[in-house]
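A.B. asks: Below: one structure in structure tokens.
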Amino acid sequence: MPKDHGIGASTKRREDVRFLTGAGNYTDDINVHGQAYVHFLRSDVAHGRITNIDTAAAAAMPGVVRIFTGADFEGVGGLPCGWQVTDKHGEVMKEPPHPVLAQGKVRHVGEPIAAVVADTLQQARDAADAIDLDIEELPAVVNMKAALEEGATKVHDDLSDNLCYDWGFVEENKGAVEEAIANAAHVTTLELVNNRLVANPMEPRVAVGDFNRATGDSTLYTTSQNPHVIRLLMGAFVLGIPEHKLRVVAPDVGGGFGTKIFHYAEEAFCTFAAKACNRAVKWTSTRSEAFMSDAHGRDHVTKIELALDADNNFTAVRTETYANMGAYLSTFAPSVPTWLHGTLMAGNYKTPNIYVNVKAVFTNTVPVDAYRGAGRPEATYQLERVIDKAARELGVDPVELRRQNFITEFPYATPVAVEYDTGDYHATMDKMLELIDRDGFAARRAESEKKGKLRGLGINCFIEACGIAPSNLVGQLGARAGLYESATVRVNATGGLVVMTGSHSHGQGHETAFPQVISEMIGIPEDQVEIVHGDTANTPMGMGTYGSRSIAVGGSAMVRAAEKIIAKTKKIAAHLLEAAEADIELKDGQFSVAGTDKSVAWGDVCLAAYVPHNYPLEDIEPGLEETAFYDPSNFTYPAGAYACEVEVDPETGVTTIEKFVSADDFGNVVNPMIVEGQVHGGIAQGIGQALLENCVYDENGQLLSASYMDYAMPRADDLPEMAAYTVDHSCQTPCTHNPLGVKGCGEAGAIGSPPTVINAILDALNSGGHKVDHIDMPASPSRVWAAINNAS
Amino acid sequence: MYSFDIERPTTLADALAALADDEAQALGGGQTLIPTLKQRLASPSKLVCLSGIEELKGISRDGDTLTIGGGTTHGTIARETAEGFPGLAGLASKIGDPAVRNRGTIGGSLANNDPSACYPAAAMACGATIVTNSREIAADDYFQGMFATALEEGEIITAVKFPVPESSAYIKFEQPASRFPLVGVFVAKYADRVGVGVTGASEEGVFRWTEAEAALGGNFAESALEGLSVSGDGMIGDLHGTGAYRAHLVGVMTRRAVAAAR
Ligand SMILES: Cc1cc2nc3c(=O)[nH]c(=O)nc-3n(C[C@H](O)[C@H](O)[C@H](O)COP(=O)(O)OP(=O)(O)OC[C@H]3O[C@@H](n4cnc5c(N)ncnc54)[C@H](O)[C@@H]3O)c2cc1C
């Protein structure tokens, strides 16, 4: 019988009641009495010099409170970058200033130039139209390789060139890698593009800044995955507001996918303007603004070489990647192509020699930063594509080629600086092969061919580093933040309790899953536990939600705090039961004395803590509230094997996904239903990247895919019927270094699925007499058709 | 959006009077115009809402002629022509989503003449007649390139007359993002001729593929199209597909439409 509560139960998501009945409280639902509205005048050119900006006429328009330009922010800090990468020569990356409002120059379409605060949004927009603005347009740099050429236009005049950093990892391995490649029996080379994406959370970004004249306190309501991080970055680096005078609230947030991690100009603006205008200021992004102001994702161009010996053992991997930073460094941008990418290049394989080179490039495009998976999808995609290509070149089975190179002994220290604690890659591969029914594939392909279709089966293995991350390690790697997580457990007098967590939930289901853990530990019903998150005023300093870290790091902090509570309640129970503390057992919400029938209920012990009449006051304090900060000792390493079957219509190039299976190892699983939902969502996003989504700029830096008319989001009917999916997580090698043995599941689907889909398409395009070597994402109908026709 | 006045006439005469104002613009279902206004890409000072005018709505059949009021929604067309004119019903049923179909009108679509709109393909293939408050215009004369039509300022499409074909089908190859046709082909078979209307593909807007019409006129079968193709020159090329791809799809969609015609 499956469990009906606690760890392992598929408890229904309590938050869905409010989400599905329109009762959520999103940032745009928050209105402060007397608030004004801001409209940003944004650049419509990719690169230019502001030669004139005159706001006088606009300022006189009806309803205008005040118009701000770059000049108002001259003395204010710029948006900080949270990660400093050191390049292969030991030099730190170039870090150009990132102003809140453009200073003299604009560097991407969508960059805010002026901000009009008015009584109504309509008035703000009208006044913005009346701003007299002249921009001398400059040539734009869009293509990364062209941006690095001698004499290329510079995005930042003060920098020597457009190269942010040239990172070599691990530089000391370079010679050995070169030698291994020179001596290889076979080298497979592949050049590919990891397409640029726009995250497109359902809820666009919103910010409401408020200022209390009487207390001098500032409050920012914002769509963030990590309100404490925003408070720190904005307070300390941009506006100079000490944290005790600044509250950041991220209420219900309608999806983030990474793009709501970062600190944005609009948030800083609203907080600043609220004080300057002595009036709350609200901004709600339109979808069009989101396309040109939310940080984009991916955008890597990579050449990868895989060297094999005569027995098909991998002997070396070498990569050269160009990573687009956009016009400015977004909060965590430098870390994505480096430490979240290079460290994963071993994948599931015992390749002894690995060298990764990444050139991060400034271009006149929107900043690029973490997007679901962040670096790890880019690593997996290139590695798993080149392995499939090698298998085709060598005429060997792609499954067997992977298997013979699998890492099988743990812990395993890779040549790229990380140590995998546990895993069983053969187990997930076995499970995946069983679920996809590989033996039946030939018959299914024959059926498709009868209908004039091509059918392909693609597989993929992946590993990710999640549960981000040990603070001391990331500090050495350039992080300017710690990456612990926090929790306060506050038990009420009648035994119910509240967990205040630094992990933010924006759709992941923390409010359901976290109580399951507490319920398991104490033995009280899940509905006795409430989760509070998202408000710096009532939660301990937390680092927020990204990198599949909530249950692994935030959940562990909660466990540690609950352990302190349990230890204290045992002391109280021992006192009440007149027994030795060591003899007290807690089970199903009852404290009992081992070997006796004496017991006292959880609720009575809690009551005693708050009504301490009969209480060991000389030994312990009254009350029941504990806080813990948890800093992991390692990343977690979820891994899996995915497979996909596609049908391709060679006449039109249309690809349909016929079957998709995932066999994941997430370690222990708290709520299987939520985990499966996370994987489904991740796979949908991965299929979106593989088949549909593409953020495209023209050579002038104009965004061509600037709305849903041209940016193809996956819709339900782009994805297979639910019956065609199998999402399995039965292979479990628990994490060895966190108390729950969990690894995290939030990004797996988005990491594992793109190469699976493309490998399947290429398998199809190498059947029926076709021979297609390569296709880039998104494998749109026109590209597939062109690939078939160019090859033949 | 900029602010504007709105008038809600209930008769065609009142609508025309209201539209006499230079700055006025007709509002059909608003499924094209409202998004345009929201983006501040148009600034009419007055909108004249046609949706309260009963005489612009409804579908009637007289012999082999189907007359559809200019204010009839895609949803109504999809439902009410399903039996008598399944090709047109199929076309209407695949426009946008239910909200779009319940608001958007055939008159608005034909007036807008988006190069990727669906109805123009049907109008061309069938040799429909566009009826306005002042005249009747043959489809061949009505469409004049992307977003350009024979309509004068303030002229209202009151109805569209379709000769009902013996069999017909519309096959739309969807642009992956917008789901407007990347290429849409309407094939209509009559006793004495076959019409093939192509939308989405050409830089000149909707067109009739006359070679295919001739070939199919002799033999209404997929095989009649063998060896026929349109050139990629003058076809739209964009991030969703090259001109050559669109030209190729014209052939494929035409064949599929012939196979699907009923
Ligand atoms: C999400 C979405 C998806 C869509 N997908 C498709 C698709 O796949 N295929 C497709 O063909 N269309 C599609 N459309 C467009 C849709 O069909 C519109 O309804 C149609 O193009 C315009 O009709 P309307 O009645 O809404 O006109 P409006 O938007 O009100 O007006 C459009 C223009 O026509 C003028 N006008 C309106 N009615 C008349 C009239 N009776 N006489 C003269 N001028 C008039 C207006 O002044 C305006 O210039 C889609 C729209 C949306 C929002």
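The values are calculated or read from the model by the stated rules, or taken from the named source; none is laboratory data. This one's a predicted model, so the numbers in the text were calculated from it and none came from an experiment. Glycine also receives a Cβ, built like all others from the backbone with ideal geometry; neighbour counts cover every protein chain displayed. Protein only, heavy atoms only, side chains kept; ligands, DNA and RNA dropped before computing areas. Shrake-Rupley method; radii C 1.70, N 1.55, O 1.52, S 1.80 Å.
A.B. asks: Sort A:Glu645, A:Glu74, A:Glu626 from largest to smallest accessible area, using a 1.4 Å probe on the heavy atoms of the protein chains. The partial results should precede the final answer.
C.D. replies: Numbers: A:Glu645 0, A:Glu74 130, A:Glu626 45 Å².
The most accessible residue leads, giving A:Glu74, A:Glu626, A:Glu645.
A.B. asks: I've got another one for you. Beyond 55 Å, what share of the Cα-Cα pairs of the protein assembly as shown is found? Please give it as a whole percent.
C.D. replies: The answer is 22 percent, as a whole percent.
A.B. asks: Dipole magnitude of the range B:108-253 about its Cα centre, charges +1 at Lys/Arg Cβ and -1 at Asp/Glu Cβ only, in debye to the nearest 20?
C.D. replies: On the way: 8 positive and 18 negative charges, 76 e Å.
Roughly 360 debye, rounded to the nearest 20.
A.B. asks: Suppose every K and R has +1 on its Cβ and every D and E has -1 on its Cβ; what is the size of the dipole of the protein assembly as shown about the Cα centre, in Debye to the nearest 20?
C.D. replies: Using Cβ point charges on Lys, Arg, Asp and Glu, the protein assembly as shown gives about 660 debye.
A.B. asks: Which one, A:Gly456, A:Gly482, A:Phe291, is farthest towards the positive end of the dipole of chain A when Lys and Arg carry +1 and Asp and Glu -1 on their Cβ?
C.D. replies: A:Phe291
A.B. asks: Based on alpha-carbon centroids, what's the gap between the range A:549-614 and the range A:333-396 in Å, whole number please?
C.D. replies: 48 Å
A.B. asks: Report A:Tyr371's accessible area, 1.4 Å probe, all protein chains in place, as a number in Å² to the nearest 10.
C.D. replies: Spelled out: A:Tyr371, probe radius 1.4 Å, area about 10 Å².
A.B. asks: I'd like the per residue volume of the convex hull spanned by the Cα atoms of the range A:150-269, given in cubic angstrom.
C.D. replies: In the range A:150-269, the Cα hull volume divided by residue count equals 214 Å³.
A.B. asks: Please state, rounded to one decimal and in Å, the Kirkwood hydrodynamic radius that the range A:398-549 gives when every pair of distinct Cα atoms enters the mean of 1/r. If you can, show how the numbers build up before the last one.
C.D. replies: Values: mean 1/r = 0.0500 Å⁻¹.
Result for the range A:398-549, one decimal place: 20.0 Å.
A.B. asks: In whole percent, what relative contact order does the range A:672-792 give with Cα contacts below 8 Å and a gap of six or more residues?
C.D. replies: Values: 126 pairs, mean separation 43.0, N = 121.
In percent, rounded to a whole number, it is 36.
A.B. asks: Please give the net charge around A:Phe514, taking every other residue with its beta carbon less than 14 angstrom from that of A:Phe514, where Lys and Arg add +1 and Asp and Glu add -1.
C.D. replies: Values: positive: A:Arg13, A:Arg14, A:Arg490, A:Arg549, A:Arg560; negative: A:Glu15, A:Glu485, A:Glu511, A:Glu520, A:Glu526, A:Asp527, A:Glu530.
Once positives and negatives cancel, what remains is -2.
A.B. asks: Could you tell me the distance between the Cα centroids of the range B:55-77 and the range A:692-751, to the nearest Å?
C.D. replies: The two parts, judged by their Cα centres, are 45 Å apart.
A.B. asks: Let me ask something else. If you fit an axis through the alpha-carbon atoms of helix B:243-260 and take the longest principal axis of the Cα set of chain B, what angle between them do you get, 0 to 90°, nearest 10?
C.D. replies: It works out to around 80 degrees.
A.B. asks: Then there's this: What list of whole percents do you get for P(r) of the range A:484-630, with Cα-Cα distances grouped in 5 Å bins up to the one holding the largest distance?
C.D. replies: All Cα pairs considered, the percentages come to 2, 11, 20, 21, 17, 13, 9, 5, 2, 0.
A.B. asks: To the nearest 10 square angstrom, what accessible area does A:Asp29 show with a 1.4 Å probe?
C.D. replies: 80 Å²
A.B. asks: Something else now. Quick one: which bits of the range B:160-201 get at least 40 Å² less accessible when the partner protein chains are in, versus the chain alone, with a 1.4 Å probe?
C.D. replies: Buried by 40 Å² or more upon assembly, which counts only protein chains, are B:Phe173, B:Pro176, B:Ala177, B:Arg179.
A.B. asks: Let me check against my output: what whole-number percent is the relative contact order of the range B:167-261, with C-alpha pairs under 8 Å and at least 6 apart?
C.D. replies: With pairs under 8 Å counted, the relative contact order is 31 percent.
A.B. asks: Would you compute the Debye intensity of the range A:304-355 from its alpha-carbon atoms alone, equal scatterers and no solvent, and pass along log10 I(q)/I(0) at q = 0.22, 0.30 Å⁻¹ to two decimals?
C.D. replies: One equal scatterer on each Cα of the range A:304-355 leads to -0.82, -1.18.
A.B. asks: For the range A:228-335, report the accessible area per residue in Å² (1.4 Å probe, heavy atoms, rounded to an integer).
C.D. replies: 24 Å²
A.B. asks: Which whole-number value in Å² is the accessible area per residue of the range A:484-630, probe 1.4 Å? Provide the component values of the computation, followed by the final result.
C.D. replies: Working: 5420 Å² over 147 residues.
The answer is 37 Å² per residue.
A.B. asks: If you average the alpha carbon positions of the range A:88-141 and of the range A:408-457, how far apart do those two centres end up, in angstrom?
C.D. replies: 47 Å
A.B. asks: Take chain B, mark every one of the GluC sites (Glu not before Pro) that falls in a DSSP loop and has at most 12 other Cβ within 10 Å, then report the longest stretch left between them, sites excluded.
C.D. replies: Looking at chain B, B:154-225 is the longest stretch - no exposed GluC sites (Glu not before Pro) with at most 12 other Cβ atoms within 10 Å.
A.B. asks: Something else about it: Rank these residues by their accessible area, most exposed first, probe 1.4 Å: B:Val100, A:Val177.
C.D. replies: Most to least solvent-accessible, the answer reads B:Val100, A:Val177.
A.B. asks: Write down the Å³ per residue value for the convex hull defined by the alpha carbon atoms of the range A:141-220.
C.D. replies: Numbers: hull volume 21.1 nm³, N = 80.
In the range A:141-220, the Cα convex hull volume per residue is 264 Å³.
A.B. asks: Using a 1.4 angstrom probe on the protein heavy atoms only, could you order A:Asp424, A:Asp649, A:Asp397 from most to least accessible area?
C.D. replies: A:Asp424, A:Asp397, A:Asp649
A.B. asks: Please list, ordered by chain and number, the residues whose modelled amide H lies under 5 Å from the amide H of B:Val194; skip anything fewer than 5 residues away on the same chain.
C.D. replies: So B:Val194 has HN proximity to B:Gly217.
A.B. asks: Another one. Relative to the compact globular guide of 2.2 N^0.38 Å, what is the alpha carbon radius of gyration of the range B:54-163, as a ratio? Can you show the working numbers first?
C.D. replies: Numbers: Rg = 12.6 Å, N = 110, 2.2 N^0.38 = 13.1 Å.
The reported ratio for this selection is 0.96.
A.B. asks: Give, ordered by residue number, each residue of the range A:642-680 whose 1.4 Å probe accessible area is reduced by a minimum of 10 Å² on adding the remaining protein chains to the chain alone.
C.D. replies: Residues shielded by partner chains are A:Asp649, A:Glu651, A:Thr652, A:Val654.
A.B. asks: Pick out, from A:Pro470, A:Ala413, A:Gly423, the residue whose Cα sits farthest towards the positive end of the charge dipole of the range A:369-478, with +1 on the Cβ of Lys and Arg and -1 on the Cβ of Asp and Glu.
C.D. replies: Among A:Pro470, A:Ala413, A:Gly423, the one farthest towards the positive end of the dipole of the range A:369-478 is A:Gly423.
A.B. asks: Just to be sure I understand: if I project the alpha-carbon convex hull of the range A:666-737 onto a plane and average over all orientations, what area do I get in nm²?
C.D. replies: Spelled out: convex hull of the Cα atoms, projected over all directions, averaged, 7.6 nm².
A.B. asks: Per residue, what volume in Å³ does the convex hull of the Cα atoms of chain B enclose?
C.D. replies: Once divided by residue count, the hull of chain B is 117 Å³.
A.B. asks: Please report the relative contact order for chain A, taking Cα pairs under 8 Å with a sequence separation of at least 6, and give it as a percent rounded to a whole number.
C.D. replies: Relative contact order of chain A: 15 percent.
A.B. asks: With a 1.4 Å probe, how much accessible area is buried between chains A and B, both sides summed, in Å² to the nearest hundred?
C.D. replies: Buried area between the two chains comes out at roughly 1900 Å².
A.B. asks: Compute the FRET efficiency between B:Glu152 and A:Lys451 as 1/(1 + (r/R0)^6), taking r as their Cβ-Cβ distance and R0 = 35 Å, and round to the nearest 0.05.
C.D. replies: Working: r = 51 Å, r/R0 = 1.45.
Calculated transfer efficiency: 0.10.
A.B. asks: Using only protein heavy atoms and a 1.4 Å probe, report how much of A:Arg560 is accessible, in Å² to the nearest 10.
C.D. replies: The accessible area comes out at roughly 90 Å².
A.B. asks: Continuing with this model, one more query. Under 23 Å Cα to Cα from B:Lys172, which lysines show up? Leave out anything in the same chain fewer than 8 places away.
C.D. replies: Output for B:Lys172: A:Lys451, A:Lys453, B:Lys94, B:Lys161, B:Lys189.
A.B. asks: What net charge do the residues around A:Ala446 carry, taking every other residue with its C-beta under 13 Å from that of A:Ala446, with Lys and Arg at +1 and Asp and Glu at -1? Before the final figure, lay out the partial values.
C.D. replies: Details: positive: A:Arg444, A:Arg445, A:Lys450, A:Lys451, A:Lys453, A:Arg455; negative: A:Glu447, A:Glu449, A:Glu647.
Net charge around A:Ala446: +3.
A.B. asks: Run the quick spin-label model on A:His186 and A:Asp619: label points 7 Å from Cα toward the beta carbon, then report their separation in nm to one decimal.
C.D. replies: 7.0 nm
A.B. asks: Starting from the Cα of A:Lys389, draw a straight line to each of the aspartates and glutamates and keep only those under 15 Å, dropping any in the same chain fewer than 8 residues away.
C.D. replies: Cα-Cα hits under 15 Å: A:Glu191, A:Glu305, A:Asp397, A:Glu400, A:Asp763, A:Asp773, A:Asp776.
A.B. asks: For the protein assembly as shown, with all protein chains present and a 1.4 Å probe, just round the carbon and sulfur fraction of the accessible area to a whole percent.
C.D. replies: 49 percent
A.B. asks: For A:Gln702 and B:Tyr2, what is the calculated FRET efficiency with R₀ set at 22 Å and r taken between the beta-carbons, to the nearest 0.05? Present the calculation step by step, with values, prior to reporting the outcome.
C.D. replies: Details: r = 24 Å, r/R0 = 1.10.
Taking R0 as 22 Å, the efficiency between A:Gln702 and B:Tyr2 is 0.35.
A.B. asks: Once every DSSP H run of n ≥ 4 in the protein assembly as shown is given -39500 (n - 2.57) and the sum is divided by its residues, what mean residue ellipticity at 222 nm do you get, rounded to the nearest 500 deg cm²/dmol?
C.D. replies: -8000 deg cm²/dmol
A.B. asks: Here is a further query. Taking the Kirkwood radius as the inverse of the mean 1/r across Cα pairs, report the Rg/Rh of the range A:42-192.
C.D. replies: 1.17
A.B. asks: Could I ask something else about it? About the Cα centre, and with charges only on the beta carbon of Lys, Arg (+1) and Asp, Glu (-1), how big is the dipole of the range A:63-117? Nearest 20 debye, please.
C.D. replies: 120 debye
A.B. asks: Taking +1 at the Cβ of each Lys and Arg and -1 at the Cβ of each Asp and Glu, which of A:Val142, A:Ala273, A:Thr343 sits farthest along the dipole of the protein assembly as shown towards its positive end, judged by Cα position relative to the Cα centre?
C.D. replies: Of the listed residues, the answer is A:Ala273.
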